[in-house]
Amino acid sequence: MKRRILITGIDSGLKAKLIKQFLESDFKVAATVNISQKKNKSGNSSFIEIPWNCRSPLSAKNVILECLTKMDGFDEALTIFSSEQNNKPIHEISSSEIENAIDSSLKSSLFILKEIILYFQKIENGNISLINDIQQSEILAPLYAVESGGLRALAKSLFASYQNEALTINSFTSSSGAPEDYVEFIYKNIGTRTKAVHGKTFKFQDRKMPFFLS
């Protein structure tokens, strides 16, 4: 039986590459897509697209229901934290830009994470991977700083909160500008895992120097 994975997050280049990688590795893949976009007819029975309104808690619940209906649930969940490019200083950022950034990168992921955790608690199994797709540098622009710092804090909180449960939670981050290598690194640490791992932040530096941090 094929392993089943749910990939969530706003549409991005990294998300598309992860979908392609897991499909090519013989996974059954369900992926959220912007609710305003038409569903693609790929002809691949192993790939399911689920329209998703990232600002709606109800839509997050529907994502889980669609997975249950169309592929009898899932074993793995990747939640991608992305951010739209915004390098403005704080005084030049409009209120709407701040609201959109928080809605798309933090609030939306919390809605879907809640539903994924509830589902894995119910089946008493499952692995969640928090994927950092936020641009990294020594000094982050204001919105990046809030989003990247929020993800690190969230990961530590989830590691501690769910350490005694059947589900596992880990995170991935990259300081490299090579998305293809980052995708391969993520896949190798998920697709070829032979034992349960919980509470690890896997950091990809470059192709020759992958390592993980507690």
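No value in this document is a laboratory result; all are computed from the given coordinates. This one's a predicted model, so the numbers in the text were calculated from it and none came from an experiment. Positions of Cβ are backbone-derived with ideal geometry, glycine not excepted, and every protein chain shown enters the neighbour counts.
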Highest mean packing first, using Cβ neighbours within 10 angstrom, the peptides 190-201, 90-101 sort as 190-201, 90-101
In Å, the Kirkwood estimate of hydrodynamic radius for the range 147-207 over Cα pairs equals 12.6
Note on the range 4-213, DSSP bridge orientation, antiparallel percent to nearest 5 equals 10
Extension length gain for L58 and Q121 (0.36 nm per residue less Cα distance), in nm, is 20.8 nm
Counting sequence-distant residues (5 or more places) and residues on other chains, those with an amide H built under 5 Å from that of I169 are I128, G199
For 15-24, 148-157, ranked highest to lowest by mean beta-carbon neighbours within 10 Å, the order is 15-24, 148-157
hull vol. (C-alpha, convex hull) per residue for the chain, Å³ -> 125
TM-like helix rule applied to the chain (DSSP H, alpha carbon span at least 20 Å on the long axis, mean Kyte-Doolittle at least -1.0) gives 57-71, 108-123, 142-161
Residue separation between K114 and K195 times 0.36 nm, minus their alpha-carbon distance, gives in nm 26.7 nm
Env charge @ T194, Cβ radius under 14 Å, K,R +1 / D,E -1, value +4
